[in-house]
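Every read-out reported here was derived from the displayed coordinates using simple, explicitly stated rules and does not represent laboratory data. The structure displayed is predicted, hence computed values, not measured ones. Ideal geometry is used to build each Cβ from the backbone, glycine not excepted, and the neighbour counts take in all protein chains shown.
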Amino acid sequence: MVLNALLRVRTAGRKLDFFGLARFLSTKMSEPIVGSIVNFASLNAKGECPGYLIDTDGTTKGLIVLQEWWGMNEQIKKQAADIAEQGKFKALVPDLYRGKVATDKETAGHCMEELDWQGAVKDIEGAAKFLLSKGCAKVGVTGFCMGGALSFAAAALVPEISAAAPFYGIPSPGLADLTKIKIPLEAHFGEKDALEGFSSKKDYTALKEKLDAAGVNAKFWIYDAGHAFTNPESIFETHREDLAKIATQRMVDFMNEKLA
C-alpha cells in the first residue's frame, strides 16, 4: 500500500516529486498507532479473552487500559492508542464484555451488572502475563470508571501488576481489600463527581484516609471536574479537555517512572 502510494507521487512530467514524497512520508510518520485484535489465555470461567493490542516497537513497558462500562468501543481503543503513543507503551485493552458494546446507558448498566468482576480480574491477570510474554519487563494498569475500579482491584490482586493509575472508580470491598496494595498507586478523581458509592468526593476521601492509615504508597490527584472528565463522549457532559490532558500526562509520567 505504501509502495503504491509512493508510485503515485509524481509530477505531470512523470518524474518523482520529492517535495510531495517528503510531505507524504511526514504524514505517514505522524499517523496514530493502529492496534490489532488478539486473544490471550485467561483463568476466567469464560476462557480466553480477546483484546486490542497496540504493539509499540522498542519498549519494554506494558500498560493495560481498562474500559468504561460501554465495553471495548472505538473511544477506549483510541484512548489506549493515544496513551501508548504518548508514553511509548505496549498497550492492551482487554475486552471484558467479550464482544458486547453498549451505546446507551441502560444497556451499559446491564452489561456492568452482569459482569463477573472476579472473572474480569482474571482477565486482567491474563492480559498482564500476555504483555510480559511479548517482551515487557513490567506491566502497569490504568482504567476509567468501571475500569478504574478494576484497576484498584488488580493493584491488590494481580501480582504481575507493577503500578496502577485508576480514574474515578472504586471497587466494592467484597472484590478486593485495597489496604493490601503493595505497589505504587496514583488515583485520579473529579471533585464534582456525583456518583456516590462509587467515585464521589465522599468515597475517594474515605478511601484515601483508609489507604494512608494502612501505609499504601498512594498519590491522589483531584480535579475541578465531574465524573468521566477525560472522555470526550461522556454522557454526563463533563469532559474537560484541559484537565484530561493534565491527568493523562501525569499518568503517563507515573507509568514511565514506575515501569522503567
Query - Test item: Cα-centred dipole of the chain, Lys/Arg +1 and Asp/Glu -1 on Cβ, debye - result: 1140
Query raised in the report: Which whole number of Å³ per residue matches the convex hull of the alpha-carbon atoms in the chain?
Result: 143
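Counting residues in region 111-260 as N, plug N into 2.2 N^0.38 Å and put the Cα Rg over that result. Don't skip to the end; give the middle numbers.
On the way: Rg = 14.6 Å, N = 150, 2.2 N^0.38 = 14.8 Å.
Here the Cα radius of gyration is 0.99 times the empirical estimate.
State the extension gain, in nm to one decimal, for the chain segment bounded by residue 182 and residue 260, taking 0.36 nm per residue of separation less the distance between their alpha-carbons.
Between residue 182 and residue 260, full extension yields an extra 26.3 nm.
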Report summary line: Charge tally for neighbours of residue 146 with beta carbon under 11 Å away, counting Lys, Arg as +1 and Asp, Glu as -1, is -2
Query raised in the report: Can you give the net charge of the other residues whose Cβ lies under 15 Å from the Cβ of residue 130, counting K and R as +1 and D and E as -1?
Result: 0
Query raised in the report: Which pairs break 31 Å Cα to Cα here: 61/180; 105/180; 90/210; 105/258; 138/245; 46/201?
Result: 105/180; 90/210; 105/258; 46/201
Report summary line: region 167-215: Kirkwood hydrodynamic radius (Cα pairs, Å) comes out at 11.3
